[in-house]
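Scroll down for the structure; my scribbles are underneath it.
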Amino acid sequence: MTTAPAAAVAFDGRSVVFAGADVCREAGFTLPQGTGRPVFEDDVWDFTDVVGLPVQLPLCTRRFDFTEITDERWRLVGKELVLAMLAPRHSAVAPLPRAHRTALHLRSCAGHLDELIRFCRWLSEQGVSSLAQIDTRICDAYMAHRRYILDEHDAVVGENSPGTRRRAAQVVVDLVNYRELFTADRVPADLRPWGGATASAIAEMPSGRTENKTQPVDNAVMQPMLAAALFLMSSLGPHAVELARQIRETDKLSTRKAPGLRAVHVAPVPEFTELLNEYRDTCTPLPMLADHHVADRLANGWSADDPLLAVATGVLARQAGITQFETRWMRHLRGPLENAVASVGVKEVFARDAADITTADTSSVLPWTKPLHRMQAVALVGIVRTAAMIVLAAASGMRASELMELRIGCRRLEEPVPGLTRYRLASKVVKGQPLGGTDDEWVVIEPVYRAVELAEDLHDDRQEGALLFGRFAFSVRYKWFRNWVNSPAGRRIGLAPIPDGQVNLRRLRRTLALEMAYRPGGVLASKLHLKHIAVATTEGYASRPGGAQAELLAEVNKHESDRNLALVLGEFRNYQEGILPAGPGARSLTEFFAGIDAQLDAASAAAPKTQRNDRDVLNLLTKRANVLHLGAANYCWFTDPSRALCLKLAGTPTADRPLIGMCDSARCPQATHHPGHRPVWAEHADRTKIFLGQLGATRKTERTRLQADFDRAIRVVAEIDAAGATMDEESS
Ligand code: SF4
């Protein structure tokens with residue numbers, strides 16, 4: 001190990017351990033051939049071209065600028081610290097007992113450097129000139145400085161987040177942990193700030209102790225947002241693709257650098273006359289200027305009554321083959337231009353003859369958009385692209401880093417069995433993976449597949465392998481999307497307004513996780529689909545009771561209980577309305593409901609002032625709700641494992657949960673069918689009937705099986721109908 005006491009070495013600006021080091025080589029980064037490689041002595045380390053950096057990593061995080069540390073000794077400390085974090089196996093770093101054992105990500109190193117720059121600046125402001133002067137009092141003062149938010153009178157008005165506090169504590173802890181490595185300046189050897197506690201403990205990080213802090217998206221926001229996004233995708237998507245193509249074509253022709261244009265010095269009267277005749281012959285309105293250009297003209301002295309005020313003369317010049325329209329030509333061209341305006345008028349350039357669509361509320365049929373200026377057209381294409389992103393993120397649950405790694409051509413379509421299509425997306429898992437990420441695939445539903453297809457069609461430079469979205473700020477895009485949906489443009493096509501409420505990619509992912517976890521076996525499915533297994537392993541959650549998985553499970557169980565209680569209450573109310581359950585377990589459930597009803601009547605008779613509100617009923621129903629399990633087409637009241645048909649069939653009669661995947665609800669005494677299940681059975685009957693009709697005469701075994709299936713479905717539908725009608729008849 002090549003370290004030396006700071007005081008013993010005359011400081012010449014060079015590091016004892018890293019002098020002349022190739023930073024990328026030490027950190028194990030690969031650079032393309034011919035790219036400049038930062039060396040340790042450089043004051044700016046540029047990692048922009050490092051191979052395999054995630055798309056999500058902002059450009060500013062790829063450049064480490066040490067010049068922001070003005071003191072040269074501390075700047076050297078900063079460089080040594082960052083390189084030690086990037087190269088933990090370096091022979092001078094590995095022996096340090098409290099150094100990181102795995103290389104930190106560039107983003108993390110950038111965060112450490114930011115905080116070190118802030119700390120050095122603060123030390124200078126406090127009159128501290130050497131790290132050797134740092135003591136526990138200074139450490140506490142810095143923590144207080146970063147913890148509390150003060151007003152102009154230095155009164156505490158708030159606190160920064162635990163994350164900020166942890167960064168503040170970490171910078172001091174780092175200076176202690178890597179002390180022996182620093183050439184020019186070091187903290188005292190006996191400094192043990194905060195009794196040697198970890199930065200997370202010092203910052204009182206709540207991680208793992210409370211509920212997952214990312215909340216799901218509120219349903220009142222989620223529903224109209226998804227409805228608007230799906231409508232924009234399906235109804236406006238194809239038109240937006242054509243609009244995007246027109247914008248690209250027009251941009252190519254409208255630019256002053258378009259090939260074939262020439263500069264002229266005299267008024268091009270013949271060219272304009274020919275062009276304007278063409279407009280008149282085809283009854284095409286002249287191109288209109290955008291509002292801000294019209295405002296410029298008014299500010300330059302144009303009259304508000306000038307008929308040429310809104311005419312895009314520059315665009316006309318390019319169409320006539322001329323680079324630019326000169327104002328001095330106006331006295332020669334005003335006459336022909338005014339005649340043309342009087343004859344064909346002026347109109348926005350894009351979406352002049354927009355196709356009709358049925359509005360989202362199906363109340364009318366109207367053009368999909370009003371005519372648009374270029375900027376408006378670009379914005380509308382962007383809104384449709386955001387709609388595709390929303391559907392993709394909400395229904396796939398992919399992280400921001402994974403969405404940004406999507407490339408054109410990432411869609412995979414397969415048909416494992418005839419008639420069953422499986423949609424997949426290929427991307428990369430970045431979180432917790434080595435540099436470059438790990439290739440992976442996501443099984444998705446069709447709307448997600450279509451969303452990616454639309455995004456590909458809207459791409460400005462559609463080439464196989466190009467980034468589909470690149471780096472994007474979802475929160476900003478969502479804000480624009482919501483503003484548009486809530487604007488007159490959104491109302492015009494019948495979209496319901498989206499209320500206020502936070503929406504970001506993490507919340508969408510959380511929402512999907514909870515939705516999936518509700519399903520039978522859903523917790524496992526959501527962990528697999530959201531790639532939680534790898535992340536949990538990486539973060540050590542698996543072995544931490546009370547960690548993220550346990551929190552998720554506890555939360556899911558709580559939601560599940562609430563939902564079960566609501567379902568039981570709903571069925572109890574149905575019972576009171578005369579809508580009875582059907583199925584083998586119907587009698588038992590009806591008797592239970594009758595018992596509850598009797599108890600409530602008795603209670604109200606004995607205490608006339610007691611109100612029979614939902615709370616009383618819920619208390620009585622809770623026990624039953626605890627044994628409710630949801631099947632695809634039935635409720636399972638798992639009161640007695642020995643009566644469970646699925647467990648008998650599986651040979652596990654003592655299991656404590658039903659095997660809902662093996663449920664035969666038409667025969668099990670614990671199953672009930674309700675009106676909500678009727679559509680599932682009716683659809684099953686319809687499909688089976690179609691299959692029966694398609695079977696050849698020779699397929700007798702298959703026919704017998706399908707016929708039994710069909711008869712059972714019809715019987716269940718009839719029972720549900722009969723149960724719903726029973727009490728009606730009795731009461732009438
Ligand atoms: S067969 Fe169906 S209803 Fe019966 S116990 Fe199993 S899952 Fe529940």
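The values are calculated or read from the model by the stated rules, or taken from the named source; none is laboratory data. Source: prediction; values computed, not measured. Cβ: placed from backbone, ideal geometry, glycine included. Neighbour counts: every protein chain shown. Note: accessible area is taken over every heavy atom of the protein model, side chains too, but ligands, DNA and RNA are not part of it. Shrake-Rupley method; radii C 1.70, N 1.55, O 1.52, S 1.80 Å.
Just a few scattered comments:
- Test: Gly382 is under 26 Å from Gly52 (Cα atoms) and open to solvent by less than 60 Å² (accessible area, probe 1.4 Å): no
- Condition met for Ala99 (modelled with pLDDT of 95 or more and among the small types (Gly, Ala, Ser)): no
- Failed condition for Gly158, given (1) in a helix (DSSP H, G or I); (2) free of Cβ contacts under 8 Å to residues at least 40 places away in the same chain: (1)
- Qualifying residue in the range 636-645 (condition: within 21 Å of Gly578 (Cβ to Cβ) and more than 16 Å from the ligand (Cβ to nearest atom)): no
- Residues of the range 315-350 satisfying the condition of being within 52 Å of the chain's Cα centre (by Cα), within 25 Å of Ala258 (Cα to Cα) and not in a loop (DSSP other than H, G, I, E, B): Val315, Leu316, Ala317, Arg318, Gln319, Ile322, Thr327, Leu337, Val346, Lys347, Phe350
- Only one entry of Gly321, Gly314, Gly301 meets the criterion of being in contact with a Gly (Cβ under 8 Å, 6 or more places away or on another chain) and either among the small types (Gly, Ala, Ser) or open to solvent by 80 Å² or more (accessible area, probe 1.4 Å) (or both), and that entry is Gly321.
- Residues of the range 661-685 that are free of Cβ contacts under 8 Å to residues at least 60 places away in the same chain and either more than 38 Å from the chain's Cα centre (by Cα) or not assigned by TED's automatic domain parsing to the domain that holds Ser588 (or both): Asp664, Ala685.
- All conditions in (1) of a type outside the set (A, V, I, L, M); (2) farther than 25 Å from Asn483 by Cβ; (3) surrounded by 14 or more Cβ atoms within 10 Å (Cβ to Cβ) hold for Lys370, with the sole exception of (2).
- Tallying residues that are part of a helix (DSSP H, G or I) and within 15 Å of Thr313 (Cα to Cα) within the range 278-291 yields 2.
- Pairs where the first residue, in the range 624-648, is in contact (Cβ under 8 Å) with a residue 40 or more places away in the chain and among the aliphatic types (A, V, I, L, M) and the second is open to solvent by 40 Å² or more (accessible area, probe 1.4 Å) and near the ligand (Cβ under 6 Å from one of its atoms), C-beta under 9 Å, 6+ apart: Leu630/Ile660; Ala632/Ile660; Ala632/Cys663; Ala633/Cys663
- Exclusive hit being under 19 Å from Tyr575 (Cβ atoms), more than 16 Å from the ligand (Cβ to nearest atom), assigned by TED's automatic domain parsing to the domain that holds Arg573 and among the hydrophobic types (A, V, I, L, M, F, W, C), set Leu695, Leu621: Leu621
Residue by residue, here is whether (1) loosely packed, with under 13 Cβ neighbours inside 10 Å; (2) β-branched (Val, Ile, Thr); (3) modelled with pLDDT of 75 or more holds:
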site: Lys531; (1), (2), (3): no, no, no
site: Ala550; (1), (2), (3): no, no, no
site: Glu560; (1), (2), (3): no, no, yes
site: Gln576; (1), (2), (3): no, no, yes
site: Leu580; (1), (2), (3): no, no, yes
site: Phe593; (1), (2), (3): no, no, yes
site: Ala607; (1), (2), (3): yes, no, no
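- Across the range 59-66, not a single residue is classified as under 25 Å from Arg121 (Cα atoms) and over 35 Å from the mean Cα position of the chain (by Cα).
- Test: residue in the range 680-690 that is touching a helix residue (DSSP H, G or I) at 6+ places or on another chain (Cβ under 9 Å) and within 11 Å of the ligand (Cβ to nearest atom): no
- If you go through the range 663-679 and keep only what is near the ligand (Cβ under 7 Å from one of its atoms) and over 20 Å from Glu591 (Cβ atoms), you end up with Cys663, Asp664.
- Only a single criterion out of (1) in contact (Cβ under 8 Å) with a residue 12 or more places away in the chain; (2) more than 22 Å from Ala513 (Cα to Cα); (3) outside any helix (DSSP H, G or I) is not satisfied by Met398, namely (2).
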